[in-house]
Amino acid sequence: MRLRKAVLLIGDIAIFYVALFIALWLRWEDLLNSSLIRAHLLPFSIICAIGLWIFYSLRLYDSTFGYGSPFWLKSVASSLTILFFSSVFLFYFFARSEDAITPRGTLFLFFIIFGVSFLSWRGLAERMVRKQRGERVIIFSDNPEAERLAKELTNHPQLGYRVVAVLPESHLQPQRLEALIREENLHTAITSREGFERLAGSGKLQELSELKVSFWDLASFYEVRLGKVPVNLISEAWILEHIIRRESPFETSCKQFFELGLACILLIITLPLWPFIALGVLISSPGPVFYEHLRVGQYGKPFILRKFRSMYRDAETHGPRWAELNDQRVTPLGKFLRDTHLDELPQLLSILRGELSFVGPRPERPEFVKELTEKIPFYDVRHLVKPGFTGWAQINYPYGASIEDAREKLEYDLYYLRHRSLLLDASIALKTLRLLFQNPRK
């Protein structure tokens, strides 16, 4: 998968500069003019760097969403739109007007050529990937998670795996495995930790190593390749070993400094919008401007989370309910606020008060936490860290409103809890940018 991302990255850069030189040739017909090239090379290189950052943020290098899918098309449209207006801003406000040659006139022509070339190149790259057979996988396990894994890999062929079979663990015998590897041309074998121990005690390690096959235990494959930790494959000992740890004082201080600074900046930038949003809420439906409800924070401590009200005033007269797609309780303005995430701006105040982080498991309501803790193993583990405005689950799992969805999101939260770091937080923050252009939100 790293190779795939590297190929896409190199291809995007190549397409960018090819589109630039084609635009220059069509407009000027003199590519040998060094002053012409110098005038365009630096500003367009800046645009290229910005574009790659936008592509990464909107997950155009993510293998989960293939070419031509609705999410992929929306991400491409959003990326090119953001890049275009960023380029216009860069050129028209920072390009020197006294230059004999300015890149402004080439910009529109370049984006037409680049847009067509980018879509064509990505389509070609996707066809090349699909022509490859991918890694052929066999799974030996009696755990229901094995069938679930096989289904996920089958439904997402762009991940690069093709499941040949799912067999009971009793079939995991060196001679049978060797025969299957040769007959099916297998690249990867997945089993449980107990299956590994059985193979290790067989005395056939040298023969198996000569077959050039990658061996994975089921839990590790989920974690490394899919970015989540199934709750059915862990125990209290795993929690103690991988989740509970002493936080680095340096990392904690850096995170707090970054979050407070960013919250202040965003608050200053967005504060002029607050009166207009508040007025719109009051006009759209009677009731308070802010919607306040109790959420469960770090170590189970409750706190009040505030949002601009997006529902009708009596939306929860019969008690709390899961949020739904096309929720009839949401006002017309509320739908717009939710789609643009403007309703969440008051959460910046929770970050300043130290109740919320920018990155972490999303806080839930006490009523739902009580139910989910009873029905989902290790659900309360997510309260070991401060909840977040966004998180690993939000950028990896679509909108959900059920216990099964909560279980799935918990598995992503467990991955975040194990691997939490400043680098992972920065990556999540960048990828969250796409949520501003995605509907419905997670």
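Note on region 342-364: residues that are out of contact with any helix residue (DSSP H, G or I) (no Cβ under 7 Å at 6 or more places or on another chain) and surrounded by fewer than 17 Cβ atoms within 10 Å (Cβ to Cβ) total 3.
Considering region 328-348, the residues that are touching a strand residue (DSSP E or B) at 6+ places or on another chain (Cβ under 8 Å) and in a helix (DSSP H, G or I) include one that is nearest to residue 263 (Cα to Cα), namely 347. No other residue among 168, 230, 272, 249 is touching a Lys or Arg at 6+ places or on another chain (Cβ under 9 Å) and either modelled with pLDDT of 85 or more or over 28 Å from residue 147 (Cα atoms) (or both) apart from 230.
Condition first: without any contact (Cβ under 8 Å) to a residue 12 or more places away in the chain and over 14 Å from residue 409 (Cα atoms). Now tell me which residues in region 355-396 satisfy that.
Correct list: 370, 374.
Looking at 190, 268, just one residue is part of a helix (DSSP H, G or I) and among the hydrophobic types (A, V, I, L, M, F, W, C), and that residue is 268.
Going by the structure shown, is residue 425 touching a residue at least 40 places away in the same chain (Cβ under 8 Å), farther than 22 Å from residue 370 by Cβ and of a type in the set (Asp, Glu)?
Values: touching a residue at least 40 places away in the same chain (Cβ under 8 Å): yes; farther than 22 Å from residue 370 by Cβ: yes; of a type in the set (Asp, Glu): yes.
Considered against the rule, which asks whether it is touching a residue at least 40 places away in the same chain (Cβ under 8 Å), farther than 22 Å from residue 370 by Cβ and of a type in the set (Asp, Glu), residue 425 comes out as yes.
The residues listed here are 72, 53; of these, the one that is in a helix (DSSP H, G or I), within 29 Å of residue 224 (Cβ to Cβ), modelled with pLDDT of 80 or more and not assigned by TED's automatic domain parsing to the domain that holds residue 157 is 53.
Note on region 375-426: residues that are under 22 Å from residue 301 (Cβ atoms) and outside any helix (DSSP H, G or I) total 10. Count of region 279-293 residues, restricted to those that are modelled with pLDDT of 90 or more and touching a helix residue (DSSP H, G or I) at 6+ places or on another chain (Cβ under 6 Å), is 2.
Scanning region 159-202 for residues that are free of Cβ contacts under 8 Å to residues at least 24 places away in the same chain, over 18 Å from residue 143 (Cα atoms) and of a type in the set (A, V, I, L, M, F, W, C) gives 179, 200. Just give me the residues in region 137-187 being small (Gly, Ala, Ser) and either surrounded by fewer than 20 Cβ atoms within 10 Å (Cβ to Cβ) or assigned to a helix (DSSP H, G or I) (or both), in sequence order. If the condition is that a residue be small (Gly, Ala, Ser) and either surrounded by fewer than 20 Cβ atoms within 10 Å (Cβ to Cβ) or assigned to a helix (DSSP H, G or I) (or both), then 146, 150, 160, 165, 170, 179 are the ones that fit. Restrict the check to region 300-322 and report whether at least one residue is part of a helix (DSSP H, G or I) and modelled with pLDDT of 90 or more. Among the residues of region 300-322, at least one is part of a helix (DSSP H, G or I) and modelled with pLDDT of 90 or more, which makes the answer yes. Quickly run through region 283-299 and pick out the residues that are surrounded by 14 or more Cβ atoms within 10 Å (Cβ to Cβ), over 25 Å from the mean Cα position of the chain (by Cα) and in a helix (DSSP H, G or I). Result: 284, single match.
The values are calculated or read from the model by the stated rules, or taken from the named source; none is laboratory data. Keep in mind that what you see is a predicted model, and the values were worked out from it rather than measured. When we count neighbours, we look across all protein chains shown, and the Cβ atoms used for this are built from the backbone with ideal geometry, even at glycine.
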